[in-house]
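Worksheet: one structure, shown below.
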Amino acid sequence: MLARVYSCATVGLDGLLVEVEVDAGGGQPGLFIVGLPDAAIQEAKERVRAAIRNAGARFPHGHITVNLAPADVRKEGPAYDLPIALGILLASQQVDAGDALDGAILVGELGLDGAVRHINGVLSMVSLARERGLRRAFVPADDAREATLVGGVEILPIATLADLLAHLDGTRPIRPHRADEAPFDGEDEYDGVDLMHVKGQEQVKRGLEVAAAGGHNALMTGPPGSGKTLLARALPSILPRLTFAEALDVTRVYSVSGLLPASTPLIRHRPFRAPHHTVSQAGLVGGGRWPRPGEISLAHRGVLFLDELPEFGQQTLEVLRQPLEDKVVTISRASGTLSFPANIMLIGAMNPCPCGYAGDPVRECTCSAHAIARYARRISGPLLDRIDIHLDVPRIPYEKLSDDRLGEPSRVVRARVEAARAVQAARFAGTNVVVNAEMGPAEVRAHCALDAAGEGLMRAAMRQLHLSARAYHRVLKLARTIADLAGEAAIGAAHLAEALQYRPKEGT
């Protein structure tokens with residue numbers, strides 16, 4: 001007899017409906033799975049066999065063929081265990097599901113005892129079910145809270161295969177999981193580094209505030225121990241709170257990657273990712289045999305912090321150039337092309353030279369001029385051109401370190417940042433642009449006009465700093481953000497002068 005149930009695969013971050021066909025009949029005994037399954041699915045044979053027996057059912061002895069359609073798409077992972085097991089029981093006429101499976105998908109990994117275990121990518125799978133008009137989803141009980149975030153689909157939490165069978169025959173119906181009743185009101189209180197605990201560095205704090213307000217990339221340069229890493233870790237505390245749509249966007253990336261904490265069905269804080277400088281290209285931008293999001297996508301809607309920037313492989317850094325412009329990572333393989341989101345703020349930190357003390361007033365630099373120049377060349381000009389804000393982080397004097405007074409709290413700075421973001425949201429309403437850093441040439445022309453004083457200042461800066469066309473537009477966008485923070489409708493000469501101060505000293 002032929003049975004048919006529906007499951008779901010994840011391709012990149014998107015779901016793909018998979019039809020699980022099971023035919024049980026005569027012939028050579030055995031379970032055969034076709035439809036481009038990977039090793040994890042081939043191993044499902046033994047998991048399904050043991051789970052069916054331990055659920056109190058009988059595993060049929062005839063020839064069983066399982067087809068995962070569409071057959072031209074590679075299937076991976078253990079999410080098909082549950083639909084395969086149920087398909088076998090339906091095909092062997094041990095279960096009569098009636099109309100309970102109409103318009104439904106089933107996903108879940110099976111333990112040998114019949115327990116239904118957590119799988120990755122449930123959010124994408126249930127989102128697909130809603131898009132395709134399916135009404136119901138049978139998911140592992142551990143994933144039910146995550147699945148209900150989508151809305152519009154009835155979520156039935158399955159703890160064991162035996163519970164599913166009891167639900168289908170009507171002896172022990174499973175109640176649909178209800179979504180958390182608490183409304184989403186932004187992220188929880190940030191429990192990381194607060195800016196008020198960072199001593200001194202007022203100019204750097206100001207630069208990070210401007211970066212947060214307009215979504216600009218920044219690079220901090222200074223000697224070891226000057227607070228670069230601490231300042232970077234405090235940046236998420238002044239970024240605007242996540243909206244529900246943004247939180248879902250981030251959660252989907254972490255769900256597919258298998259990094260979503262079991263106790264946290266929804267990511268409520270902006271991500272902060274700080275990969276080590278030994279990270280590979282695939283680890284940074286994503287990839288692998290089965291492409292998965294990399295660090296840049298895991299930092300989506302948040303901060304990607306690259307400490308000791310020149311120590312990263314040059315080829316590794318160069319792959320950042322396209323994602324920083326397009327806000328998306330595209331991975332091409334012979335089998336197809338996948339895209340992962342990469343709307344990030346890039347924050348870099350570096351020493352001014354190999355020993356770290358070039359220009360330091362206390363410790364003498366031991367590097368030659370050639371060594372310093374070679375160290376700086378590890379970061380290419382095109383990548384530096386994509387960084388709007390360059391900040392010098394000097395050594396902190398004893399008087400500031402020993403001062404008991406606290407600085408300005410992050411919540412006060414965040415309020416200014418959110419006010420500036422609100423101005424940008426109104427400015428770009430109805431477009432794909434969200435923050436000033438994302439403006440294209442047309443938006444720059446429309447919203448970054450200069451007065452006569454600003455025109456003169458910009459003309460002199462172009463001549464003296466040798467700004468590229470990209471740098472010219474980035475200075476204007478930065479000046480627009482500074483004006484937004486000041487609550488000014490027009491860009492003034494003072495706003496433009498501050499924006500120019502954030503350019504690197506060598507005028508790249």
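The values are calculated or read from the model by the stated rules, or taken from the named source; none is laboratory data. Since this is a predicted model, take the numbers as computed values, not measurements. Glycine also receives a Cβ, built like all others from the backbone with ideal geometry; neighbour counts cover every protein chain displayed. Accessible surface areas use protein heavy atoms only, side chains included; no ligands, DNA or RNA. Shrake-Rupley method; radii C 1.70, N 1.55, O 1.52, S 1.80 Å.
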> For the range 206-340, rounded, prolate or oblate, judged on the Cα gyration tensor with a ≥ b ≥ c (square roots of eigenvalues), a/c < 1.5 rounded, else prolate if a/b > b/c?
Replying inline: oblate
> Taking the chain on its own, what percent of its Cα-Cα pair distances exceed 43 Å?
Replying inline: 31 percent
>> Suppose every Lys and Arg Cβ carries +1 and every Asp and Glu Cβ carries -1, with no other charges. What dipole size does the chain come out with about its Cα centre, to the nearest 20 debye?
In response: 960 debye
> So what is the relative contact order of the range 446-508, in percent, for Cα pairs below 8 Å that sit 6 or more residues apart?
Replying inline: 46 percent
> If you average the sequence gap of Cα pairs under 8 Å that are 6 or more apart and divide by the length of the chain, what percent do you get for the contact order?
Replying inline: 13 percent
> So which lysines pass the test for Lys477, namely a Cα distance under 23 Å, with those fewer than 8 places away in the same chain ruled out?
Replying inline: Lys205, Lys327, Lys505
> If you place +1 on the Cβ of every Lys and Arg and -1 on the Cβ of every Asp and Glu, how big does the dipole about the Cα centre of the range 1-129 come out, in debye to the nearest 20?
Replying inline: 340 debye
> Which of the peptides 275-283, 77-85, 240-248 is most tightly packed, and how do the rest follow, judged by the mean count of other Cβ atoms within 10 Å per residue?
Replying inline: 77-85, 240-248, 275-283
>> Could you report the chain's accessible area per residue, 1.4 Å probe, as an integer in Å²?
In response: 44 Å²
> How much of the accessible area of the range 271-383, probe 1.4 Å, is carbon plus sulfur, in whole percent?
Replying inline: 49 percent
>> Out of all Cα-Cα pairs in the range 95-173, roughly what percent, to the nearest whole number, are more than 20 Å apart?
In response: 28 percent
> What span do the alpha-carbon atoms of the range 372-440 cover on each of the three principal axes, reported in whole Å from largest to smallest?
Replying inline: 50, 41, 9
>> Given an 8 Å cut-off on Cα distances and at least 6 residues of separation, report the relative contact order of the range 256-327 as a percent.
In response: 33 percent
>> Once neighbouring chains are kept in place and the probe is 1.4 Å, which whole percent of the accessible area of the range 199-251 is contributed by carbon and sulfur?
In response: 57 percent
> Considering only Val250, Gln281, Ala232, whose Cα is most displaced toward the positive end of the charge dipole of the range 208-338, charges sitting on Cβ of Lys, Arg (+1) and Asp, Glu (-1)?
Replying inline: Val250
> How many percent of DSSP beta bridges within the range 24-150 run antiparallel, rounded to 5?
Replying inline: 30 percent
> How large is Rg over Rh for the range 240-295, taking Rg from the Cα atoms and Rh as the Kirkwood inverse mean of 1/r across Cα pairs?
Replying inline: 1.01
> Picking from Leu304, Leu476, Trp290, whose Cα lies most toward the positive end of the charge dipole for the chain (charges on Cβ: Lys, Arg +1; Asp, Glu -1)?
Replying inline: Leu476
> Highest mean first, what order results for 419-431, 133-145 on Cβ atoms within 10 Å?
Replying inline: 133-145, 419-431
> So what are the three principal axis dimensions of the range 153-280 from its Cα atoms, in whole Å, longest to shortest?
Replying inline: 69, 35, 23
> So what's the range 9-124 giving for Cα Rg divided by 2.2 N^0.38 Å, two decimals?
Replying inline: 1.01
> Could you state the principal axis extents of the C-alpha atoms in the range 383-508, from the largest down, to the nearest angstrom?
Replying inline: 49, 36, 30
>> Compute, for the range 245-386, the length of the dipole vector about the Cα centre, with Cβ point charges of +1 (Lys, Arg) and -1 (Asp, Glu) only. Units Debye, rounded to 20.
In response: 380 debye
> In degrees between 0 and 90, to the nearest 10, how far off the longest principal axis of the chain does helix 244-257 point, with axes built from Cα atoms?
Replying inline: 60 degrees
> How much of the accessible area of the range 3-71, probe 1.4 Å, is carbon plus sulfur, in whole percent?
Replying inline: 52 percent
>> Counting only Cα atoms, I'd like the Rg/Rh figure for the range 295-378, Kirkwood definition for Rh.
In response: 1.13
